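Reading through the C-alpha cells given below for one structure.
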Amino acid sequence: MYNSKEDQAMDKLLNIETTGLIEWPRGVNLDYFRTESSSYKDLDRLIKHYDFRGHSRLVDYGSGKGRIVFYFNYRLGIPTTGIEVNEVAFSHLTQNLANYTETFPKKAADIVLTDEKAEEYEVKPTDDIFYFFNPFTISIFEKVMHKIEQSLEKHPREADIILYYPGVAYSYYLDRHSSFDLIQTIKNPKYFLNSRECFKVYRHLPH
C-alpha cells in the first residue's frame with residue numbers, strides 16, 4: 001500500500017527497508033493482522049500537529065519492519081520500543097536495527113526490540129506513548145490496554161494512545177472503557193472520503 005518514492009527515499013536515508021506487507025500463513029495467529037507500514041507523509045503530518053515534547057518513550061505495538069521505531073527515533077530523538085510477534089517480520093526488524101545502527105549509532109542506542117505477544121509485554125514506567133496501526137483484534141487490544149492501565153496506576157504519569165487509521169472497535173473501547181480521553185484528531189487529505197484516514201490521540205492524566 002505504501003511504496004511511494006517518498007517512502008523509499010526516507011528508508012534510504014535511515015538505511016532501512018520497511019516497504020511491503022508481511023502476511024501470516026493461512027489460519028495462523030488469527031488474532032494478529034498482517035504487518036503494514038504507516039505512510040511517511042502521514043507521519044510527517046502527525047509530527048507537525050502533535051506535541052511529542054516531554055515524553056519519555058514511544059512503544060509501537062505490532063512493529064512489523066520497524067518504520068515507526070526508527071522514524072520517531074531519528075526525527076524526534078526519543079527512545080522507542082518495538083514489539084513484534086511475527087518471526088518473519090521480526091527478522092526484518094532486527095536487520096533494520098543493525099543497518100540503522102551503522103548509520104546512527106548514538107540514536108540507535110535508545111531503541112529496544114522485543115519478539116513477544118503484545119499482551120505479554122510488561123509496560124515500563126518510562127513508556128508513555130503507545131502507537132497502534134490496527135495490529136490485532138479488539139480482544140488483544142483490551143488485554144494490552146489492561147496492562148497499560150495497570151502500569152499507569154502503579155506509576156502515575158501522563159500518557160497518550162495514538163491510533164493510526166483507527167477502527168471503530170478500538171475507538172469505542174477507549175471512549176467507553178478506559179481512563180483515556182480523545183484530545184486530538186489529525187486528519188489526512190483523504191479524510192473527507194474515509195473518516196478512518198486520520199490519527200486519533202487519546203490522553204490519560206494522572207489523578
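The values are calculated or read from the model by the stated rules, or taken from the named source; none is laboratory data. Everything quoted here is computed from the prediction, not taken from an experiment. Note that each Cβ is placed from the backbone with ideal geometry, even for glycine, and that neighbours are counted across all protein chains shown. Keep in mind that these areas ignore ligands, DNA and RNA; they rest on the heavy atoms of the full protein, side chains included. Shrake-Rupley method; radii C 1.70, N 1.55, O 1.52, S 1.80 Å.
At a glance:
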{"item": "Close pairs (6 angstrom Cβ cut-off, 6 or more residues apart or separate chains): within 14 Å of F130 (Cα to Cα) and open to solvent by less than 50 Å² (accessible area, probe 1.4 Å) in the stretch 147-158, in a helix (DSSP H, G or I) and among the hydroxyl-bearing types (S, T, Y) anywhere", "result": "none"}
{"item": "Counted residues, the stretch 63-91 - those being open to solvent by 10 Å² or more (accessible area, probe 1.4 Å), among the small types (G, A, S) and more than 21 Å from R45 (Cβ to Cβ)", "result": "1"}
{"item": "Count - residues of the stretch 48-77 that are in contact with a helix residue (DSSP H, G or I) (Cβ under 7 Å, 6 or more places away or on another chain), closer than 23 Å to E116 by Cβ and assigned to a loop (DSSP other than H, G, I, E, B)", "result": "5"}
{"item": "Only listed residue being of a type in the set (A, V, I, L, M) and modelled with pLDDT under 90, chosen from V28, V69", "result": "V28"}
{"item": "Lone unmet requirement of (1) open to solvent by less than 80 Å² (accessible area, probe 1.4 Å); (2) in contact with a Cys (Cβ under 7 Å, 6 or more places away or on another chain); (3) not acidic (D, E) for K187", "result": "(1)"}
{"item": "Number of positions in the stretch 121-146 that are open to solvent by 10 Å² or more (accessible area, probe 1.4 Å) and of a type in the set (A, V, I, L, M)", "result": "2"}
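Quick grid of which residues meet (1) assigned to a strand (DSSP E or B); (2) open to solvent by less than 80 Å² (accessible area, probe 1.4 Å); (3) within 26 Å of Y74 (Cα to Cα); (4) among the hydrophobic types (A, V, I, L, M, F, W, C):
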position: L93; (1), (2), (3), (4): no, yes, yes, yes
position: K107; (1), (2), (3), (4): no, yes, yes, no
position: E119; (1), (2), (3), (4): no, yes, no, no
position: A169; (1), (2), (3), (4): no, yes, no, yes
position: R176; (1), (2), (3), (4): no, no, no, no
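For (1) under 22 Å from Y50 (Cβ atoms); (2) hydroxyl-bearing (S, T, Y); (3) in contact with a Leu (Cβ under 6 Å, 6 or more places away or on another chain), each residue gets a yes or a no:
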| position | (1), (2), (3) |
| --- | --- |
| A118 | no, no, no |
| E122 | no, no, no |
| P125 | no, no, no |
| V144 | yes, no, no |
| Y164 | yes, yes, no |
| G167 | yes, no, no |
| H207 | no, no, no |
